[in-house]
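S.K.: Got a structure for you, questions after.
Please treat every number below as a calculation from the coordinates, not as lab data. Source: prediction; values computed, not measured. Heads up, the Cβs are rebuilt from the backbone with ideal geometry, glycines too, and the neighbour counts pull from every protein chain shown.
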There are 2 protein chains.
Amino acid sequence: MTTETMNIRDMCAAFDVTPRTLRFYEAKELLFPVREGQRRLFTKRDRARLKLILRGKRFGFSLEEIRQLLDLYHMDDSQLTQLSKTLTLAERHLADMEAQKVELDEAIGELKGQMKWATDKLASLEAR
Amino acid sequence: MTTETMNIRDMCAAFDVTPRTLRFYEAKELLFPVREGQRRLFTKRDRARLKLILRGKRFGFSLEEIRQLLDLYHMDDSQLTQLSKTLTLAERHLADMEAQKVELDEAIGELKGQMKWATDKLASLEAR
DNA sequence: ACGTATCATTACGTTAACGTCAATTTGTCT
DNA sequence: AGACAAATTGACGTTAACGTAATGATACGT
């Protein structure tokens, strides 16, 4: 079975981040590694969160925005108080992401067009 | 017909940016407004570039990366020297964007799932 | 001619997201 | 026990992308 907790070094290797980054995320309350004496041990939950954090970053969300979204993913049945507030936030993010998708499709299309133009240009030059 | 050039104020209004941003982009050689005395006049070309700049930003590209991509969009027949180099860059960006699209679809799916869970939870609480 | 608004330049300030370095502490091997 | 590697905690440094404030030139309406 998959090891229950990971030390900082393995965590860094697994996600291609630096120790500094993990400590920084803990300071910002994005991760909550447990302690074995002084050392950090990252749980399965931390790994799930980190995956979402890195994904969020690739989409251009700030760490603070990501922190709020993580609440939605890791909400347990007890703390449903702020659920509706979080849902509203999630809806905005979803709208953002879907708009981003439309734009992305457009941009990919345009870029492909330009690349075809450039490729043809190159070919016509090489056939001099 | 569409006005050939725009002053900084209109440009800001049209694209929802600050004057500082436009001057900054000029300093970074992303835009090349002409001068009327001291004042900047933004051309159609500047408007096209700014549109691409803002789009690039939404996709998480740095201004420097965007600057290099702009070369591809605004290359004229004369300066084809670095074309193939630029094409390589464009290919990397295209791959990036398509990977981003796949991930985005995934993320949208997951987020929707979480939102449905949360919405159902809320409903079951309100029907107490 | 004069006040006002708009633009310009210069320069220093700010925020996010870490990097880097020094000084300790702790576990491990011999 | 001594040495070494690995982790921790400050604390200060860095970069990108502008913000902001001060100062000065231009144009415009009256």
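S.K.: Give the residue, chosen from A:ASP10, A:ASP16, that is acidic (Asp, Glu), within 14 Å of DNA strand D (Cβ to nearest atom) and more than 14 Å from chain B (Cβ to nearest Cβ).
M.R.: Working: A:ASP16 fails: within 14 Å of DNA strand D (Cβ to nearest atom).
Checking each option against the conditions leaves just A:ASP10.
S.K.: Here is a follow-up. Among the numbered conditions (1) more than 11 Å from chain A (Cβ to nearest Cβ); (2) touching a residue at least 24 places away in the same chain (Cβ under 8 Å), tell me where B:HIS74 comes up short.
M.R.: Failed condition: (1).
S.K.: Provide a single number: the residues in region A:94-103 that are of a type outside the set (D, E, K, R) and more than 7 Å from chain B (Cβ to nearest Cβ). Break it down stepwise before answering.
M.R.: So in region A:94-103, the residues of a type outside the set (D, E, K, R) come out as A:94-95, A:97, A:99-100, A:102.
The next check asks that each one be more than 7 Å from chain B (Cβ to nearest Cβ); those that pass are A:95, A:99, A:102.
Matching residues across region A:94-103 total 3.
Each row is one residue, and each column tells you yes or no for (1) in contact with a Lys or Arg (Cβ under 9 Å, 6 or more places away or on another chain); (2) free of Cβ contacts under 8 Å to residues at least 40 places away in the same chain; (3) of a type outside the set (S, T, N, Q); (4) over 18 Å from A:GLY56 (Cα atoms).
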site: A:GLU4; (1), (2), (3), (4): yes, no, yes, yes
site: A:ARG9; (1), (2), (3), (4): no, yes, yes, yes
site: A:ALA13; (1), (2), (3), (4): no, yes, yes, yes
site: A:VAL17; (1), (2), (3), (4): no, yes, yes, no
site: A:PRO33; (1), (2), (3), (4): yes, yes, yes, yes
site: A:GLU36; (1), (2), (3), (4): no, yes, yes, yes
site: A:PHE42; (1), (2), (3), (4): no, yes, yes, yes
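S.K.: Let me confirm something: among B:GLU103, B:GLU36, which residue is more than 29 Å from A:HIS93 (Cα to Cα) and of a type in the set (D, E, K, R)? Steps first, please.
M.R.: Numbers: B:GLU103 fails: more than 29 Å from A:HIS93 (Cα to Cα).
Going through B:GLU103, B:GLU36 in turn, the sole match is B:GLU36.
S.K.: Out of region B:35-51, which residues are exposed (fewer than 13 other Cβ atoms within 10 Å of the Cβ) and within 13 Å of DNA strand D (Cβ to nearest atom)?
M.R.: Passing the criteria: B:ARG35, B:GLU36, B:GLY37, B:GLN38, B:ARG39.
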